[in-house]
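The values are calculated or read from the model by the stated rules, or taken from the named source; none is laboratory data. If you're wondering where the values come from, they're calculated on a predicted model, not measured in any experiment. Neighbour counts are summed over all protein chains in view; Cβ atoms, including those assigned to glycine, are modelled from backbone coordinates with ideal geometry.
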Ligand code: NAD
C-alpha cells in the first residue's frame, strides 16, 4: 500500500493530470457549446474539476465517427482487435493505483475496494481479448437435402453505452470489451457524477492503438438529450444501459421507434437467505460483503437479509458488531472501510427509507442517521423487526443499511425472497448441498451466490430476471449481445 498516494498533494497531482474534454474520433474535443459541468468529491461535497459537457451536436459527431469506423473495425482481424484489448488491459493494470485513487475521489469508495474494481474491471478487457478470436458460425446440410445452411456472425453495429456511477470502471469495461471484441464501435456516456474514470479509459484505448472513431466518450450533464439524439438516428443499432429500472424502462420504450437492440442491467432487491444449518460466521462475513461493499450502493447489494429464526439472534448480534465497527471516512484516506454516499439526493433517499421503516416499527440496532458535516455520509446501520409495510423491503436501499427479518421454513424463505418485482442477485447460506440447489433453482434471480457474498466474474453471465433487466454481461453470453446471426442459404454444390 502506498500511503504516499493518500496525501492531499497526490490528489492535487492526480486531478491536474486528468482529461477534461470529450473524446470523439480518437481526439480530444470541446463541447460544441463550450459548456462544462463540475464533478464533486462526495466526501466533501466540493467540485474538484470541470469537464466538457457534451451536447446533441457532439453526440451526432461521435456517431458520425462511429459509423465511419464501423465497417473497417468489424473487418479488422479478430486477432488485431484482441491485441488492442489486451494492451488496454495491460495499461489499466499498469495505471491501477491512479485509477483506484480516481475512483475513490469521484465515487467515494474505500481505496481497497477501488483496487478490487480495477482488477475486476480490467479483467473484462483481458477476458474478451481472448473471446474475440472465438466467435463461430456453422455449416450444415439442410435436413431435406435441398441445400446447405451457413450461419455467420456479424457485429451488431454502432452501440450507445450508458453507465452508472457506482462502479465507474467495471460498468464501462463490461460493455466496451465485448462490444469491441465483437467488432462494434461504441459511444460511451458515463454517469455525470463519475465521468472521469471512463474519460481516462478512453485515452488508454487511444494509447493502446484503437483506431479513432471506434470509441467515443461523452461526459454530459444532460443524458436524456444525448441518448435522445442518438436513439433517433438510424445509424445507431443498439443501446446498452446499466442504471435504474425507471430510466431503463424509458429507454426500452424509446428503442421501439427504430427497433434497436437493447441490453438492460437494472435495479435489484437481493434477498440474502441464511438457513439454520449455515456456518454463521461465514454468513456474517458474506452479508458484510454483500451489504456494505460500495457503501451498499450495488445492484447486487443484500437488500433484505432473511435469517432462520433459530439462528437469527446469533447472526444479528455478530453482524451488528461488525457493521458498527466499520470506519467511516473519505475513500482515499487510510483505514476507511465505508465511504460517503454518492450525492445529497442519495443521502436523502437512504435517510427517508430508514425513517419510514422506523415509523412503521423497525428497531435500530446501530446507526440510523446521517453523519452531518461535509460530504454525504450515512452511519452504518442495522435494522431489525422490519414491518411488512416498510418501503425498504420493496425498494433498493442503495446505502449502508442492513435490514434483517426472520423466517421459519424453507418455503417461507423462498416466498419472501421472490416477493419483489426485481430478480437480479440472491444469496443462500446453507451447508446442505441439496437445499442449496433446490433453493437456487426456486429463486427468481439471474445470479445466485451459494455461500458467497460476492458473485461477479468476467467469465460468468451477469444479468437479471423480471424488472432487473434484459440480456447478460460477461462470459460467452456477454459477447452474444453484440453479435448478429446471419443465415445464408446455399444451393447444393
Ligand atoms: P440512473 O438510472 O439514474 O442513471 C444511470 C445512467 O443513466 C447515468 O449515466 C445517467 O446519466 C443516465 N440517465 C439518467 N436519466 C436518463 C435518461 N432520461 N435518458 C438516458 N440516460 C439517462 O441510475 P444511477 O443512480 O446512476 O445508478 C443506480 C442504479 O443502477 C440502481 O438502480 C442500480 O441497481 C443500478 N445498477 C444496476 C446494475 C446491474 O448490473 N444490474 C449495476 C449497477 C447499478
Q) Tell me, which residue of the stretch 231-245 that is near the ligand (Cβ under 8 Å from one of its atoms) and not in a loop (DSSP other than H, G, I, E, B) is nearest to residue 72 (Cα to Cα)? A) 241
(Q) Restricting to the stretch 264-274, name every residue that is more than 16 Å from the ligand (Cβ to nearest atom) and within 11 Å of residue 315 (Cβ to Cβ). (A) 274
**Q.** Selection count, the stretch 8-53, where residues are surrounded by fewer than 12 Cβ atoms within 10 Å (Cβ to Cβ) and either in a loop (DSSP other than H, G, I, E, B) or at pLDDT below 95 (or both)
**A.** 5
Q | Out of 228, 202, 248, sole residue that is within 9 Å of the ligand (Cβ to nearest atom), in the same structural domain as residue 473 (by TED's automatic domain parsing), in contact with a strand residue (DSSP E or B) (Cβ under 6 Å, 6 or more places away or on another chain) and part of a helix (DSSP H, G or I) | A | 248
Q: Kindly list the number of the only condition in (1) over 20 Å from the mean Cα position of the chain (by Cα); (2) over 25 Å from residue 241 (Cα atoms) that fails for residue 154.
A: (2)
Q. List pairs: first in the stretch 443-454 and assigned to a strand (DSSP E or B), second crowded, with 23+ Cβ neighbours inside 10 Å, Cβ under 6 Å, 6+ apart or cross-chain?
A. 447/425; 448/426; 449/427; 450/428
Q: State yes or no: is residue 197 farther than 20 Å from residue 248 by Cα, in contact (Cβ under 8 Å) with a residue 12 or more places away in the chain and within 16 Å of the ligand (Cβ to nearest atom)?
A: yes
Q: For the stretch 312-332, name all the residues that are surrounded by fewer than 22 Cβ atoms within 10 Å (Cβ to Cβ) and either touching a helix residue (DSSP H, G or I) at 6+ places or on another chain (Cβ under 6 Å) or outside the structural domain of residue 402 (by TED's automatic domain parsing) (or both).
A: 314, 318, 322
(Q) When you check residue 219 against the structure, is it farther than 19 Å from residue 89 by Cα, within 16 Å of the ligand (Cβ to nearest atom) and surrounded by 24 or more Cβ atoms within 10 Å (Cβ to Cβ), yes or no? (A) yes
Q: Determine whether the stretch 251-262 contains at least one residue that is closer than 30 Å to residue 419 by Cβ, part of a strand (DSSP E or B) and in contact (Cβ under 8 Å) with a residue 40 or more places away in the chain.
A: yes
**Q.** Residues located in the stretch 156-178, provided they are more than 16 Å from the ligand (Cβ to nearest atom) and buried (at least 24 other Cβ atoms within 10 Å of the Cβ)
**A.** 158
Q. Got at least one residue in the stretch 432-444 being in contact with a strand residue (DSSP E or B) (Cβ under 6 Å, 6 or more places away or on another chain) and on the phi > 0 side of the Ramachandran plot?
A. no
